[in-house]
Amino acid sequence: MSNQLQNTSSLSTAGTWNILDVRNSSPVRTAELRPLPVSPWDIALCVTGTLISCENAIVIAILFYTPTLRAPMFILIGSLAFADLLAGLGLILNFVFIYMLNKEFATLISVGLLIAAFSASVLNILAITVDRYLSLYNALTYHTERTVTFTYVVVVLIWLVCIILGLMPVLGWNCLRDEASCSICRPVTKNNAVVLAVTFLLVFALMMQLYLQICKIAFRHAQQIAVQHQFMAISTTKGVSTLSVILCTFAACWMPFAMYSIVADSSYPMIYTYATVLPATCNSVINPIIYAYRNPDIQKSLWLACCGCVPSNFSLRPRTSSDV
């Protein structure tokens, strides 16, 4: 902060620094005089973006080079991994643009990429939740009704919506000309941030309702199959526990940022924004573990790719609906 104040004081003599908002954005340099102090929060976000990119690149590579992984659920997992990969790259590009480029258009591009990627990540998680629900609700006819083509259509629609959201800042829906209208994430306007946050809360409410229905259906199946009662009781309990972890993790990562986006604006200290943004980005670190690496088929492909073999006791592990 002291360095930023020194840079501001030098404006009258050199006329080479342009501080857009010292409370809610990094200084934008119009001419290079001295290195811009690097925020440790920005470093943390860049490191997180690197980890996200590496994790999800592995998932995409496994799905791409394994012809047997072409079922609808794997298409959705691949779309989620691609969204998180773009989110990780967006965090890295945002760091580069802040400290090396500092152009308004570059800022709009990086912010648009992050909005599109994280929106796609959330919507793909919702699509996976719906797919899980349908696979249990219509267990007998699921594989005939749900086709690969239909899944591709859903994925395309998700990405069209998210691309439109990502283009909004570039097309003029930003606060670069009116700093008072900025949200906690400049250059997104306060109104746009509230709309995105409320939409997330609606998505979360729908996911919670679907997971409750999944739990009810799973327990009903366990009661109906008396012969396998013990096995079903164990697997159902495990499945419900897994779904609870998934839902709680999603809420813990995104809820603070969504609520803060609604109540706060650009006048709030920047440290609060970083403290809520970082957990939200960590959701993209956790997603590959929850939705990809826990899946037995992806695990098998990963073992074959890394070691050229599969552990002898791997096929003995019981499969449950929570594996998907």
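The values are calculated or read from the model by the stated rules, or taken from the named source; none is laboratory data. Because the structure is a prediction, the values reported are computed rather than measured. Note: areas computed on protein heavy atoms with side chains; ligands, DNA, RNA excluded. Shrake-Rupley method; radii C 1.70, N 1.55, O 1.52, S 1.80 Å.
Before moving on, here are some points about what is shown:
- Accessible surface, 1.4 Å probe, highest first, among residues ARG294, ARG186, ARG220, ARG132: ARG220, ARG294, ARG186, ARG132
- List TRP303, TRP173, ordered by accessible area with a 1.4 Å probe, largest first: TRP173, TRP303
- The slack between LEU201 and THR249, meaning 0.36 nm per residue of separation minus the straight C-alpha distance, is 15.8 nm.
- Computed with every protein chain present, the accessible area of ASP42 is close to 10 Å² [probe 1.4 Å].
- One decimal place: the segment VAL263-VAL148 gains 37.3 nm when fully extended, by the rule 0.36 nm per residue minus the C-alpha distance.
- THR66 - accessible surface, heavy atoms, 1.4 Å probe, Å² rounded to 10: 20
- Reference-scaled alpha-carbon Rg (2.2 N^0.38 Å with N residues) for segment 32-157: 1.33
- Of the whole protein surface, MET208 contributes about 80 Å² of accessible area at a 1.4 Å probe radius.
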